[in-house]
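Nothing in this text is a laboratory measurement; each read-out follows from the coordinates by a stated rule. This is a predicted model, so every value here is computed, not measured. Heads up, the Cβs are rebuilt from the backbone with ideal geometry, glycines too, and the neighbour counts pull from every protein chain shown.
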C-alpha cells in the first residue's frame, strides 16, 4: 500500500509540474525544459509477485541476480525485463551480471533504429534527473549536471558514428528512476522508452541494498539495461533479427560515497575520483559497450592495473575524459553503420 500511495503522489506531483511548467533547476545554463509527459510509458508493477520470485530463486548466492529476479518478477508480463547490470569497481574490478531468462543467458543487447516501441527514431536521447544532483564531497548541482552533459557530448563527437545522434531531452522536474522505484528508493514506475537516463547521485545505501554487501564502498557507478520482451513468450524481443535483445531503457546511477571532484588527472588511491571519468565510463555501457582489459596488481604497492588501459576497464584507476583507440574500436563496431544496421 505504501508503494501505491507513493506512486499516486508522484503521479500527482508530476502532473502539477507539467501544468505549471516547473523545473527544479536553479541555474539558467541548465535546460529549463520539463519533459513532455506524453513521452512516458507506465508499468503496472506487482511487488508481491517480485517478492515471491525472489523467494523461489534457486541460486541465492549472488545478491545482484537475486535483486534482478525480484525486479523481473515484479514486472513480469509487462513487456520489459532487466537484462543486465554493469558496475564500475573502486579498488577492485567491477563486473557484469546477466539475468538468466528460462536458461538462456542474454549475452548482448542493442538499441534498434526506428524501433516502434521507442521515442528516438534513429536517435538515442538522454535525460537527467535534476532532483538528485550535487555530491556530498562538495561538487555543486551545476557541476554534476555539466559532467553528465559533457560525457554525452564526448561520445556524440566520435566521428565513426556520424549517423548516431544523442540529443538531450531535458529534465523531468520530479524524482524519476525505474530501478529506484522498484527497490524502494523513490523514483517512478514510468520511463521513457529508447533513452538513457542519468538517474543522479544516490547514497551508498542504495548500492548496498541493491547490489549486495560491500557495494556501498566498492561500487562507484552502475548501469542497468532493460530490454523489451515478446508479449506471448516472454523471451527477449529481437525485431531486427540481429540475435541481440532490443533495449528499452538504460539507467545510470552514481554512488555518493566517493570524494568526487572536477579533477581529471587525479587517481583513486590519492583519495580523489574524477566524476566525469566515472560517468563517461557508465555512458559507454549506456551505448552498449562492455568491460574489457585484464586486471592485475603490481608487486610493490598492490595497486590495480589493466592491460590494455582504457576507459571501459572494469575498475577505476585514473581520470580519463577521452575515448581511447581501444574504446573507440568497440564503439565503432556497435555504431559505425547506424542506422543502416
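Given labels modelled 7 Å from the Cα in the Cβ direction, how far is it in nm from residue 95 to residue 49?
For the pair residue 95/residue 49, the computed spacing is 2.9 nm.
Any idea how far apart residue 243 and residue 168 come out in nm if each label point goes 7 Å out from Cα toward Cβ?
4.0
By per-residue mean of other Cβ atoms within 10 Å, what is the highest-first order of 173-182, 243-252?
Ranking the peptides 173-182, 243-252 by packing returns 173-182, 243-252.
Between residue 318 and residue 38, how many nm apart are label points set 7 Å from Cα along the C-beta direction?
My value for the distance between the label points is 5.0 nm.
Hey, fewest Cβ within 10 Å first, where do 92, 276 land in order?
Fewest-to-most Cβ neighbours within 10 Å comes out as 92, 276.
For a protection proxy built on the mean count of beta-carbon atoms within 10 angstrom, sort 183-189, 76-82 highest first, please.
Numbers: 183-189: 20.4, 76-82: 18.7.
Highest mean packing first, the order is 183-189, 76-82.
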